[in-house]
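What follows is a short report on a single structure.
Bear in mind that the values in this text are calculations on the coordinates, not laboratory data. Keep in mind it's a predicted model, so treat the numbers as computed, not measured. All Cβ positions, even for glycine, are placed from backbone atoms using ideal geometry, and neighbour counts span all protein chains on display.
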Amino acid sequence: MRVKRLAAYAAVAVLALGGVSACGGDDDDAGSGPDVKKDVTFEAGTTMDKLSKAKKLRVGTKFDQPGFGLKGLDGKPAGFDVEIAKIVAAELGISADQIEYSEAPSTVREQVIEQDKVDIVVATYTINDKRKERISFAGPYYEAGQTILVRADETGITGPDSFKAGGKKVCSVSNSTPAGNIKKYLQNEATQLVLFDTYQKCIDAINSKQVDAVTTDNVILLGFISTNEGKFKLAGDTFTKEPYGIGLKKDDTKFRNWINDVLEKAYADGRYAKAWQDSAGKIKDAKLPSPPAVNRY
């Protein structure tokens, strides 16, 4: 990832925390969102038909990730993932205040879909083949990259290769793509890799010097840097590409294709840009990301 893009992402993370109480474009209305479609109809028996008639969309998202899904003091999550979920809801004729959010940390994202606890998961959810064995994905709607966070005075870690010598401990989240990616750089996985269920616990661990580094996607780490001024820095550049998708029930092809259509329309008509601006664009020089092409597998 280019340095100038990282700078833009840092601005995004700062904004998300500064305006966490706003889930939409209006700072005074946490339930605001895109215009809701009226009198929508769908093919009988489809997921879209069921959700539209129920006037409720259950969304699993992160509650601890600045910039994408962070729970505010009002008890509602805010961030780019939340804004993307609102676009999907609006196309179903469902308003932002009719969305039911629940926390979906990395360890349970597939389970909550399989157990019908949510209708979709929008939670910095990297699309990969292993996950596709259990659930389906629409998108991607964003591409991040994995990197490493260290304490500000750390000089012995400059990138993932630094772990090959052994000794240094790195923290990530169980069942996450970053946790899997970092393993090939470790001399001894059993002693070097520390896993928790949320990234906030990793931040607590590095603060208390139980670990030497935290690894996940750059936008998430930059968010934590912004809320711990002067304590942390990034070590090296990104070393993966992480396409974020919307998780849904396995083989619900009509719903997946419909969400992909919604994303493409949002790219074209400005709603995608507004979603970014409502969670990031109020920061000076924050740059709108180029929306990735959806994968209609």
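Things worth noting here:
- Across segment 82-134, Cα pairs under 8 Å and at least six residues apart give a relative contact order of 30 percent.
- Remark: relative contact order (segment 146-234) = 42 percent; criterion is Cα-Cα distance under 8 angstrom and separation of 6 or more residues.
- Cβ-to-Cβ counts within 10 Å put 47, 155, 61, 191 in ascending order as 155, 191, 47, 61, the fewest first.
- Cβ-Cβ FRET estimate between residue 184 and residue 46, R0 fixed at 45 Å, reported to 0.05: 0.60
- Residue order, fewest to most surrounding Cβ atoms within 10 angstrom, among 147, 41, 107: 41, 107, 147
- Least to most buried among 271, 131 (fewest other Cβ within 10 Å first): 131, 271
- Global form of the chain, assessed from the alpha-carbon gyration tensor, a/c cut-off 1.5: prolate
- FRET efficiency, residue 53 to residue 128 (Cβ-Cβ, R0 45 Å, nearest 0.05): 0.85
- Structure-based [θ]222 nm, the chain - -39500 (n - 2.57) summed over DSSP H runs of at least 4, per residue, nearest 500: -9500 deg cm²/dmol
- 5 angstrom amide H check on residue 58, placed H, neighbours 5+ away: 100, 119, 120
- Evaluating 6.51 cos²θ - 1.76 cosθ + 1.60 at θ = phi - 60° for every residue in segment 136-151, the Karplus couplings come out as 10, 10, 9, x, x, 10, 6, 10, 9, x, 6, 8, 10, 9, 9, 5 Hz, glycine and proline recorded as x.
- Fully extended contour minus Cα-Cα distance, from residue 165 to residue 38, at 0.36 nm per residue: 39.7 nm
- Relative contact order of the chain, defined on C-alpha pairs under 8 angstrom at six or more residues apart (%): 27
- Projected label distance in nm at residue 204 and residue 296, using a 7 Å step from Cα toward the beta-carbon: 4.6
- Euclidean distance of C-alpha centroids, segment 181-226 and segment 114-160, integer Å: 14
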